Amino acid sequence: MTEAAPTRPRRSDATRAAILRSARARFAADGYDRATIRAIAADARIDPSMVMRYYGSKEGLFAAAAEFDLRLPDLTQVPPDRFGEALVRHFLDRWEGDETLAALLRAASANPGAAERIRGIFADQLTEAVATFGAGPETTARRAGLVASQILGLAFTRYIVRLPPVVEMDRAEVVAWVGPTIQRYLRGRPG
């Protein structure tokens, strides 16, 4: 009986890991817009064509490199009639406090990898938070999807497209308009 030789990591795995490490550092330091494929490749000590080979585009690389925790609030600490308001306030803080999520949303509109990444972030993290309300899995997924539709739509119009009527609203006004809708999605019934 011969023992199998230990498997060595494939060179492509090491290259991908180096690219992702460099991309995370570069996106964090420079932001999405100023980070370049050339700079990321230089940091990883590889040719820029390798970045394109593995990730296809800057958007694809960003989607793979983006690690994003929504840091959702513990809704068990919020009065039940204030869930919607609490989530809208929380998401306004997240969108305004970290450009990573806005960059990922921008990329998601044109890049399937980025779209998949943002779907995963919202599906996993938001569904887990909504599950605390005790609804069945199907209802929980629907409620989380509806909340995501409002939050992502708000973010897209306020921070990406910068639709003037939405941008001009102060935070309290946004919470007053969107909070009740989120509340209905979380606690209400259809129809």
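The values are calculated or read from the model by the stated rules, or taken from the named source; none is laboratory data. Keep in mind that what you see is a predicted model, and the values were worked out from it rather than measured. Cβ placement follows ideal geometry from the backbone for every residue including glycine, while neighbour counts extend to all protein chains displayed. SASA here: full protein model, heavy atoms, side chains in, ligands and nucleic acids out. Shrake-Rupley method; radii C 1.70, N 1.55, O 1.52, S 1.80 Å.
Assorted remarks:
- For segment 118-191, convex hull volume per residue from C-alpha positions, Å³: 99 Å³
- The amide H of Ile46, built 1.01 Å from its N in the peptide plane, has no neighbour under 5 Å, considering only residues 5 or more places off or on other chains.
- Listed values for segment 158-170 are Karplus-derived 3J(HN,Hα) couplings in whole Hz (6.51 cos²θ - 1.76 cosθ + 1.60, θ = phi - 60°), namely 7, 10, 9, 6, 6, 4, x, x, 7, 5, 6, 5, 7, and x replaces Gly and Pro.
- Atom-type composition of the exposed protein surface of segment 1-154 places 51 percent of the accessible area on carbon and sulfur (1.4 angstrom probe).
- Cα long-axis angle, helix 11-34 against the chain (0 to 90 degrees, to the nearest 10): 50 degrees
- Choice from Ala114, Ala41, Ala63 showing the highest fluctuation, given a GNM over the chain with Cα pairs closer than 10 Å: Ala41
- Cα point-scatterer Debye curve for the chain, base-10 log of I(q)/I(0) at q = 0.13, 0.16, 0.20 Å⁻¹: -0.76, -1.00, -1.30
- 0 to 90° range, to nearest 10: angle between helix 137-155 axis and the chain longest Cα axis: 90 degrees
- Electrostatic bookkeeping for Glu59 treats Lys and Arg as +1 and Asp and Glu as -1; over the other residues with beta carbon under 14 Å from its beta carbon, the sum is +1.
- Between Thr139 and Ala39, the contour length at 0.36 nm per residue exceeds the alpha carbon distance by 31.5 nm.
- For segment 53-191: accessible area per residue (Å², 1.4 Å): 52 Å²
- Nearest-ten-degree value, helix 171-187 long axis tilted from longest Cα axis of the chain: 90 degrees
- Charge sum, other residues only, whose C-beta stays under 11 Å from Arg187's C-beta, Lys/Arg counted +1 and Asp/Glu -1: +3
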